[in-house]
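Novice: There's a structure below that I have some questions on.
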Amino acid sequence: MSTAQKQWKVGVAGLGTVGSGLLKFLAERPDFAPAGGRVVVTGVSARSRSRARPVDISALTWFDDPVALATSPETDVFVELIGGSDGPAKAAVEAALKAGKPVVTANKALIAEHGAELAALAEAAGVPLLFEAAVMGGTPAVKMLREAMVGDDVDSVAGILNGTCNFILSEMESGGRAFGDVLAEAQRLGYAESDPTMDIGGFDAAHKITILAALAFGCAPNYAAAEIEGIEQVELLDIKLAKDLGYRIKLVASADRSPDGVAVRVHPSLAPLSHPLAQAGGALNALFIEGRRIGRIYIQGPGAGSGPTAAAVAADIADVMTGAIRPVFQAPAGKLKPFVAVDPSRRVSKAYIRLLVKDQPGVIAAVSETLAESGVSIDSFLQKPVEDAGGVPIVLTTHAIAESVLIDAINRMEKLPAVLERPRLLRIARI
Ligand code: HSE
């Protein structure tokens, strides 16, 4: 009997941080997979062949076109690390699946925006489409929902899914620094992209929570239905005032299922200081999963970085090598439930409202009268002079109230003569 190990030929498209990390790992540990077999990278593709990289690619077959790599007879498994929801990444993944090649990707935008059609292609071809690295980098959220939670009914997932935003918010608080200042430093240090829009605008977290919602609830991913607000408007003043009230501001991504449908949201939200999400500082990612029978699960770990993310890609390659094939999401592509989005105006949450007012008699009475007229019930109230705030900040938290009522109250308060700018609304996380 031959003792030669089966060789798995892997084509890797995209040689940035994660791609280079993967090549390095596979060169050092080609026989890492528990099922046995040996992984050999046979071809690579990237935007620039000559760019300096931490790994030597001179011995690997170079492909200018990732589609050619994806469909090459020398590719058994296609690994897509190009990124982007469309363009070459989508073309190459589609080509690989149509050619009957298993695909492993770290591309959250692609899966969140085209997951259902790609799942249909993969399932028609009878090959796996795996994307553990797309959410929370090396921290295994995808496998947890896709595999470990199938014996339960998950009703909600919520957490911190963008390390860049978490880093910026943590630094603003610890250093008492403004958003723009910390962002510039994060870019200088290479933590934030030169175009940070996807991260700070909340879009990266929205892609990730869209994927988790599909896995958790067995519905087709529907990125277009996500409510998205980034951290660009978070002011140091609010970070300080929220802390005085016992909260920390985090960019919270959540997906909830109710009889009305599914709500997928990303908002800067207040978490109680003692809550694990408030404690997850720096660039950490964290996630709560709430199952009806299992109860609450909490995971926390790195959501980016070469080593952790490449480890997640490698774990997916190892899965391919077992030969197992599951539905890409929680049900076969043709049987995914339609995603019925809940009307955001009906959302009920507790809120933090911060006003900047002129320091004159009768202002607080006018504010509370306006809130009473709108039907908003106040939970706590704080007036705190802050140097250089340009007015007197008043902060209040509300009892749980419908979003439409809150917006009405904000609109009315904005019109009060003593109110200097549009009141700032932040939600208190339901965690
Ligand atoms: N840019 C992401 C983050 C990592 O800051 O969390 C990759 O998904």
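The values are calculated or read from the model by the stated rules, or taken from the named source; none is laboratory data. Note that the coordinates shown come from a computational prediction; the quantities given were computed from them, not determined experimentally. Ideal geometry is used to build each Cβ from the backbone, glycine not excepted, and the neighbour counts take in all protein chains shown.
Novice: Among the candidates Ala178, Ala148, Ala158, single out the residue that is farther than 23 Å from Ala106 by Cα and either without any contact (Cβ under 8 Å) to a residue 12 or more places away in the chain or not assigned by TED's automatic domain parsing to the domain that holds Ala112 (or both).
Specialist: Testing whether each residue is farther than 23 Å from Ala106 by Cα and either without any contact (Cβ under 8 Å) to a residue 12 or more places away in the chain or not assigned by TED's automatic domain parsing to the domain that holds Ala112 (or both) leaves just Ala178.
Novice: Any chance you could count how many residues in segment 149-182 are within 12 Å of the ligand (Cβ to nearest atom) and either over 20 Å from Tyr247 (Cβ atoms) or surrounded by fewer than 18 Cβ atoms within 10 Å (Cβ to Cβ) (or both)?
Specialist: 2
Novice: Also: Conditions: (1) surrounded by 15 or more Cβ atoms within 10 Å (Cβ to Cβ); (2) at pLDDT 95 or above; (3) not acidic (Asp, Glu). Val392 meets all but one. Number of the miss?
Specialist: The one condition Val392 does not meet is (2).
Novice: Something else about it: Are any of the residues in segment 374-397 over 30 Å from Ala278 (Cβ atoms), out of contact with any Cys (no Cβ under 9 Å at 6 or more places or on another chain) and not assigned by TED's automatic domain parsing to the domain that holds Val18?
Specialist: No, segment 374-397 has no match at all.
Novice: Restricting attention to segment 20-59, which residues are under 18 Å from Ala96 (Cα atoms) and among the small types (Gly, Ala, Ser)?
Specialist: Gly43, Ser45, Ala46
Novice: Just to be sure I understand, how many residues within segment 414-431 are free of Cβ contacts under 8 Å to residues at least 60 places away in the same chain and of a type in the set (A, V, I, L, M, F, W, C)?
Specialist: Of the residues in that region, 1 qualify.
Novice: I'm checking my understanding of the structure. Among residues of segment 368-385 that are touching a helix residue (DSSP H, G or I) at 6+ places or on another chain (Cβ under 6 Å) and either surrounded by fewer than 14 Cβ atoms within 10 Å (Cβ to Cβ) or touching a residue at least 40 places away in the same chain (Cβ under 8 Å) (or both), which one is nearest to Tyr352 (Cα to Cα)?
Specialist: Leu371
Novice: Given the options Val77, Val93, Val127, name the one that is out of contact with any Pro (no Cβ under 8 Å at 6 or more places or on another chain) and away from the ligand (no atom under 16 Å from the Cβ).
Specialist: So the residue among Val77, Val93, Val127 that is out of contact with any Pro (no Cβ under 8 Å at 6 or more places or on another chain) and away from the ligand (no atom under 16 Å from the Cβ) is Val93.
Novice: Identify, from the list Ser85, Ser50, Ser45, the residue that is on the phi < 0 side of the Ramachandran plot, polar (S, T, N, Q) and within 26 Å of the chain's Cα centre (by Cα).
Specialist: Going through Ser85, Ser50, Ser45 in turn, just one is on the phi < 0 side of the Ramachandran plot, polar (S, T, N, Q) and within 26 Å of the chain's Cα centre (by Cα): Ser85.
Novice: Can you tell me which residue in segment 59-106 is surrounded by the most Cβ atoms within 10 Å (Cβ to Cβ), limited to those that are farther than 17 Å from Ser20 by Cα, of a type in the set (Asp, Glu) and in contact (Cβ under 8 Å) with a residue 60 or more places away in the chain?
Specialist: The selected residue is Asp76.
Novice: List every residue pair whose Cβ atoms lie under 6 Å apart, where the two residues are 6 or more positions apart in sequence or sit on different chains, the first residue falls within segment 190-216 and is more than 19 Å from Ala116 (Cβ to Cβ) and without any contact (Cβ under 8 Å) to a residue 60 or more places away in the chain, and the second residue, located anywhere, is more than 9 Å from the ligand (Cβ to nearest atom) and not in a loop (DSSP other than H, G, I, E, B).
Specialist: Ala192/Ala186
Novice: Does segment 161-170 include one or more residues that are within 28 Å of Pro259 (Cα to Cα) and touching a strand residue (DSSP E or B) at 6+ places or on another chain (Cβ under 9 Å)?
Specialist: yes
Novice: OK, next. One residue is enough: does segment 400-414 have a residue meeting the conditions part of a loop (DSSP other than H, G, I, E, B) and more than 23 Å from Ser345 (Cα to Cα)?
Specialist: No, segment 400-414 has no match at all.
Novice: Could you list, in sequence order, all residues of segment 199-238 that are more than 19 Å from the chain's Cα centre (by Cα) and buried (at least 19 other Cβ atoms within 10 Å of the Cβ)?
Specialist: Leu237, Asp238
Novice: Quick test of your reading of the structure: Asp359 fulfils all but one of (1) assigned to a loop (DSSP other than H, G, I, E, B); (2) without any contact (Cβ under 8 Å) to a residue 24 or more places away in the chain; (3) in contact with a strand residue (DSSP E or B) (Cβ under 8 Å, 6 or more places away or on another chain). Name the failing condition by number.
Specialist: (2)
Novice: State which residue is nearest to Val154 (Cα to Cα) when the search covers only segment 338-365 and only residues that are surrounded by 15 or more Cβ atoms within 10 Å (Cβ to Cβ) and basic (Lys, Arg).
Specialist: Among residues in segment 338-365 that are surrounded by 15 or more Cβ atoms within 10 Å (Cβ to Cβ) and basic (Lys, Arg), the one nearest to Val154 (Cα to Cα) is Arg347.
Novice: Right, something else. Considering only segment 188-198, state which residues are in a helix (DSSP H, G or I), within 12 Å of the ligand (Cβ to nearest atom) and surrounded by fewer than 19 Cβ atoms within 10 Å (Cβ to Cβ).
Specialist: Thr197 - this is the single residue of segment 188-198 that is in a helix (DSSP H, G or I), within 12 Å of the ligand (Cβ to nearest atom) and surrounded by fewer than 19 Cβ atoms within 10 Å (Cβ to Cβ).
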